[in-house]
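Trainee: Below is one structure. I have some questions about it.
The values are calculated or read from the model by the stated rules, or taken from the named source; none is laboratory data. Keep in mind it's a predicted model, so treat the numbers as computed, not measured. Glycine gets a Cβ as well: all are built from the backbone with ideal geometry, and neighbour counts include every protein chain shown.
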């Protein structure tokens, strides 16, 4: 949406819509957190299931959501372009409901594992649903609102851990089921993305959606301006104008577009458009590099070994309480990210948090090697690292993936980016688990520190700043 000053009422509506979409990420948090505090029951001889889970079952319990997400992710872009942003998001809320229904009515181990796989399907769609937020948000708050999805995810983890600590098995399951129903119902209250509606030729509905999200009359000049800007983004001539060194906003030919004008759009598939679009290929390359760097900074591995380090440092504290504190740390950091990302920008925030994360992992490596500080300092470093990492490095790749692509290829490129996240996470854990077993955590954390500093260098030298820019302006940055 354009750079005209955002009305307070419009900000309120966009925030409420973002909350509804981000609540889908909370469902992902529920699915991811639930196995960690139920596994003890599932393994015991007095388990609530029809038999205790063995080690293979436990591995599948935590891993099958990833499999479900990985398998479905390549199709998410197609579904978001076919069904629309709203109804595709709703559709990906249904697997969470189905998963909890199965868990609530079964005591069969295979059915529990199937339910977790189905939940993973929802995770895949939830990741791509960020484009829905990016397309309804004003340019001045787009980064912060898109980052709210991370807050929703960590809030879901926190809520689930708290529920697991104070409620019994079925109370937790039914609470998760009710919240998944509320999430899907809330999504029905939203208007479709105006960009998608213009893309499929539903201009009148797009005008109503713009009026809704900007809290203006449907006949207002603001609506006309927004429709024109969307049509400029969809015009096949845009990239040629940008490549020739002209700004699309100053192109007299494109500025003649009016409300009601029929504008020729791309008739080809997203893949064919992507192959021809130099800006889209460069943008996707940048997003994939940022994803690879941020994943390899060590947060995934640190989460795996955090409990071991906590037990060594604070042996009297329960694992559930440690998990709750870590979830609070993640949640607070994601809220800080929401508040600062549109002020400091993506480039600067990624550079600073990468550098500070590098310092934290370097200190962790030396602490594990030399034990130069008390054990409680290790815990402090873990909390500090996760906070700093989440403020920038953990969230910015997803914000970039939601905002840097042209509308016609946005769903397609997001599917590639989210699939790449699954793959890099898997490779990281697959490679580093044997490394840790053979060489210990010390060299691993030195490596993470080096990657963090490399991320700082890349952000400073190569990553364009997209803060507050429209899609067409962002494309010009990747064509320079």
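Residues are listed down the side, and each one gets a yes or a no for (1) out of contact with any helix residue (DSSP H, G or I) (no Cβ under 8 Å at 6 or more places or on another chain); (2) closer than 30 Å to residue 226 by Cα; (3) buried (at least 24 other Cβ atoms within 10 Å of the Cβ):
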position: 400; (1), (2), (3): no, yes, yes
position: 448; (1), (2), (3): no, no, yes
position: 461; (1), (2), (3): yes, no, no
position: 464; (1), (2), (3): no, yes, no
position: 474; (1), (2), (3): no, yes, no
position: 480; (1), (2), (3): yes, yes, no
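Results for (1) at pLDDT 85 or above; (2) crowded, with 23+ Cβ neighbours inside 10 Å, shown as yes or no for each residue.
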| position | (1), (2) |
| --- | --- |
| 36 | no, no |
| 71 | yes, no |
| 89 | yes, yes |
| 106 | yes, no |
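Trainee: Go over the candidates 458, 446 one by one and state the one that is closer than 13 Å to residue 362 by Cβ and in the same structural domain as residue 368 (by TED's automatic domain parsing).
Mentor: Numbers: 458 fails: closer than 13 Å to residue 362 by Cβ.
Among 458, 446, only 446 is closer than 13 Å to residue 362 by Cβ and in the same structural domain as residue 368 (by TED's automatic domain parsing).
Trainee: While we're here: Got a sec? Which helices (runs of 4 or more DSSP H) wholly within the range 322-413 have at least 2 residues that are more than 30 Å from residue 135 (Cβ to Cβ)?
Mentor: Hits in the range 322-413: 346-370, 375-391.
Trainee: OK, next. Can we say residue 394 is out of contact with any helix residue (DSSP H, G or I) (no Cβ under 6 Å at 6 or more places or on another chain), buried (at least 24 other Cβ atoms within 10 Å of the Cβ) and modelled with pLDDT under 95?
Mentor: So residue 394 fits the description; yes.
Trainee: Another question, if that's okay. Find the residue count for the range 407-422, including only residues that are under 24 Å from residue 459 (Cβ atoms) and at pLDDT below 85.
Mentor: So the answer is 1.
Trainee: Return the residues of the range 38-55 that are in a helix (DSSP H, G or I) and modelled with pLDDT of 85 or more; say none if nothing qualifies.
Mentor: If the condition is that a residue be in a helix (DSSP H, G or I) and modelled with pLDDT of 85 or more, then 38, 41, 42, 43 are the ones that fit.
Trainee: Something else: Restricting to the range 95-124, name every residue that is in contact with a helix residue (DSSP H, G or I) (Cβ under 7 Å, 6 or more places away or on another chain), over 15 Å from residue 67 (Cβ atoms) and either without any contact (Cβ under 8 Å) to a residue 60 or more places away in the chain or in a loop (DSSP other than H, G, I, E, B) (or both).
Mentor: Once the filter is applied, which keeps residues that are in contact with a helix residue (DSSP H, G or I) (Cβ under 7 Å, 6 or more places away or on another chain), over 15 Å from residue 67 (Cβ atoms) and either without any contact (Cβ under 8 Å) to a residue 60 or more places away in the chain or in a loop (DSSP other than H, G, I, E, B) (or both), the range 95-124 yields 98, 102, 106, 111.
Trainee: Oh, and also: Having 1 or more residues that are at pLDDT below 85, more than 22 Å from the chain's Cα centre (by Cα) and under 26 Å from residue 400 (Cβ atoms) is the bar; report the helices (runs of 4 or more DSSP H) wholly within the range 204-313 that clear it.
Mentor: The qualifying helices (runs of 4 or more DSSP H) are 221-234, 238-243, 252-255, 270-276.
Trainee: Looking at the range 10-19, is at least one residue out of contact with any helix residue (DSSP H, G or I) (no Cβ under 7 Å at 6 or more places or on another chain), part of a loop (DSSP other than H, G, I, E, B), loosely packed, with under 15 Cβ neighbours inside 10 Å and outside the structural domain of residue 420 (by TED's automatic domain parsing)?
Mentor: No, the conditions are met nowhere in the range 10-19.
Trainee: Which residues, taken from the range 423-444, are farther than 16 Å from residue 289 by Cβ and modelled with pLDDT of 85 or more?
Mentor: 442, 443, 444
Trainee: For residue 143, indicate whether it is under 16 Å from the mean Cα position of the chain (by Cα), outside the structural domain of residue 342 (by TED's automatic domain parsing) and at pLDDT below 90.
Mentor: no
Trainee: Then there is this: If you check residue 327 against the conditions, is it under 22 Å from residue 149 (Cβ atoms), at pLDDT below 90 and in the same structural domain as residue 457 (by TED's automatic domain parsing)?
Mentor: Details: under 22 Å from residue 149 (Cβ atoms): yes; at pLDDT below 90: yes; in the same structural domain as residue 457 (by TED's automatic domain parsing): yes.
Criteria met by residue 327.
Trainee: State whether one or more residues within the range 349-370 are over 19 Å from the mean Cα position of the chain (by Cα), farther than 20 Å from residue 297 by Cα and at pLDDT 85 or above.
Mentor: yes
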